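Below is one structure, written out as structure tokens; the observations come after it.
Values quoted throughout were computed directly from the atomic coordinates according to the rules given, and no laboratory measurement underlies them. Here the structure is a predicted model, which is why all the values come from computation and not from measurement. When we count neighbours, we look across all protein chains shown, and the Cβ atoms used for this are built from the backbone with ideal geometry, even at glycine.
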Amino acid sequence: MKTRVYDDHAALSRGAALALAQAIGEKPDLNIVVATGSTPMDSYAELAAMQRRGEVNCRRLHVFQLDAYLDVADDDPRSLYGWMKRSFLDPLEIPDERVFRMDRGNADPQRNCDAHAALVRARGGYDIAVLGLGPNGHLAFNEPPSMRDAPTRVVPLSEESIVSNARYWGGRDRVPPLSVTAGMDLLLAAKTLMLLVSGEGKREILRRTMAGPVTPMVPSSYIRETARSLVLADKAALGESL
Ligand code: F6R
């Protein structure tokens, strides 16, 4: 695991966009899986601004969906696909045929998960995973406890995720209870795993990620086991001690 420290959220977002642009410059059709949530939004906006200035071309990326709420349709603006479309696919002008959604059309959601994981593997795995850090150390919706080899699957949201997502749903009782998530196995196999962490509110879970026990109770702690992981954090998240 490597770490890059930035003065603030704006610098972190620029740094993440630059790192992505460099990787995309080297391999314009790379396989990327991207988090939604608040942390990476400005990074994606920076990347789109770079594309408008002709500094990077993201139109040939292969984009994989990271996670989804189980019973929320893709055309619902609150769906994670809808969020990814607004924040990443549309600004970067990525055509539909280069996007691999988590197909949830089948009555058997686990079969969909297995098929999606098989597709990711058949296409060579993720070159880059852009992830945010959950308040409980979840990566995507790999809620604690999640082992390093946890597969792509249906996961009930943890209490902490329900509380932290309540703001998007108008109250905790409206948060969908089930998600589907790319597994820890796929994420930890990414050729580059970028974990973006911003703000004081993430300080304690970032400390546990980087310096606590490596444990399924903090799924993000597994990123320490691979040299292919890169933590991009601002000073507010990192605090004084690290
Ligand atoms: C979103 C996702 C989540 C978030 C995490 C951090 O697709 O998979 O794991 O990345 O909950 O969310 P923010 O960035 O809103 O703090």
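Annotation for residue 122 and residue 22: the two label points, set 7 Å from Cα along the Cα-Cβ direction, are 3.5 nm apart.
Using all pairs of distinct alpha-carbon atoms, the Kirkwood hydrodynamic radius of the stretch 2-238 works out to 17.7 angstrom.
Neighbour counting of Cβ atoms within 10 Å sorts the residues 130, 214, fewest neighbours leading, into 214, 130. For the stretch 173-242, the fraction of alpha-carbon pairs lying more than 20 Å apart is 37 percent, rounded to a whole number.
Legend: P(r) of the stretch 102-242 from all alpha carbon pair distances, 5 Å bins from 0, whole percents, reading 2, 10, 18, 21, 20, 16, 8, 3, 1, 0. Within the same chain, aspartates and glutamates fewer than 8 places from residue 2 are excluded, and of the rest, those with a Cα less than 19 Å from its Cα are 127, 204, 225, 234, 240. Placing +1 on the Cβ of every Lys and Arg and -1 on the Cβ of every Asp and Glu, with nothing else charged, gives the chain a dipole about its Cα centre of roughly 440 debye.
Summary value for the chain: 26 percent relative contact order, contacts being C-alpha pairs under 8 angstrom separated by 6+ residues. With the cut-off at under 20 Å, measuring from each backbone N in the stretch 113-146 to a point 7 Å along the Cα-to-Cβ line of residue 76 picks out 113, 140-143. A simple spin-label model places pseudo-atoms 7 Å from Cα toward Cβ; at residue 215 and residue 227 they are separated by 2.9 nm. Length gained on full extension, residue 167 to residue 149: 3.4 nm, using 0.36 nm per residue less the C-alpha separation.
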